[in-house]
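The values are calculated or read from the model by the stated rules, or taken from the named source; none is laboratory data. These figures come from a predicted structure and were not determined experimentally. Here the Cβ positions follow ideal geometry from the backbone for every residue, glycine too, while neighbour counts run over all protein chains shown.
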Amino acid sequence: MKYVLKEAGSVFPDQKIACIVSIGTGAPGIIGLENPGSTIDFTKVAGNSANDCEAVSEDVARKFDKDEFYCRLNVEHGLEGVGFGEWERLADVKTHTEKHLQKYDVSQKVDELVQVLNRTGAL
């Protein structure tokens, strides 16, 4: 996310950022070790950490002021075991995404996003 903000600043140096939309690939499971005392699979722990963008998202959201809008859309449950190359599981992705979008707080966030995009002339 920091790279996106830096790139936007270099491409549009005289423009204020009004809205950022971050679309996740599904919230990761709990990061940690499966069995304490067992052999540690550091590559798995490191991979889970690299995929955990929620901390970065929270950091970016805190830095935005009232004139800026930041929206993170990320399915919370159900996509933990779906890998990037598993095209045969797109029906699962669709089902969990639709269910996520039906949640009241997510629906409110999407409605607010549409209003912001209409206000800024992006739609």
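Taking His77, is it part of a loop (DSSP other than H, G, I, E, B) and either surrounded by 10 or more Cβ atoms within 10 Å (Cβ to Cβ) or touching a Gly at 6+ places or on another chain (Cβ under 9 Å) (or both)?
On the way: part of a loop (DSSP other than H, G, I, E, B): yes; either surrounded by 10 or more Cβ atoms within 10 Å (Cβ to Cβ) or touching a Gly at 6+ places or on another chain (Cβ under 9 Å) (or both): yes.
Against the criterion (part of a loop (DSSP other than H, G, I, E, B) and either surrounded by 10 or more Cβ atoms within 10 Å (Cβ to Cβ) or touching a Gly at 6+ places or on another chain (Cβ under 9 Å) (or both)), His77 qualifies.
Does at least one position in segment 106-118 carry a residue that is modelled with pLDDT under 80 and either more than 19 Å from Lys2 (Cα to Cα) or surrounded by fewer than 10 Cβ atoms within 10 Å (Cβ to Cβ) (or both)? The answer is no; no qualifying residue exists.
The residues of segment 80-119 that are aromatic (Phe, Trp, Tyr) and either part of a loop (DSSP other than H, G, I, E, B) or within 14 Å of Val21 (Cβ to Cβ) (or both) amount to a single one, Phe84. Listed by first and then second residue, the pairs with beta-carbon distance under 6 Å, at least 6 apart or on different chains, first residue in segment 95-108 and in contact (Cβ under 8 Å) with a residue 40 or more places away in the chain, second surrounded by 11 or more Cβ atoms within 10 Å (Cβ to Cβ), are His96/Val75; His96/Gly78; His96/Leu79.
For segment 43-64, filtered to residues that are modelled with pLDDT of 70 or more and in a loop (DSSP other than H, G, I, E, B), the residue that is surrounded by the fewest Cβ atoms within 10 Å (Cβ to Cβ) is Phe64.
Scan segment 52-104 for residues that are among the acidic types (Asp, Glu) and within 15 Å of the chain's Cα centre (by Cα) and the total you get is 6.
In segment 99-113, what count of residues is obtained for those that are out of contact with any His (no Cβ under 8 Å at 6 or more places or on another chain), of a type outside the set (S, T, N, Q) and within 14 Å of Cys71 (Cα to Cα)? Residues flagged as out of contact with any His (no Cβ under 8 Å at 6 or more places or on another chain), of a type outside the set (S, T, N, Q) and within 14 Å of Cys71 (Cα to Cα) within segment 99-113 amount to 7.
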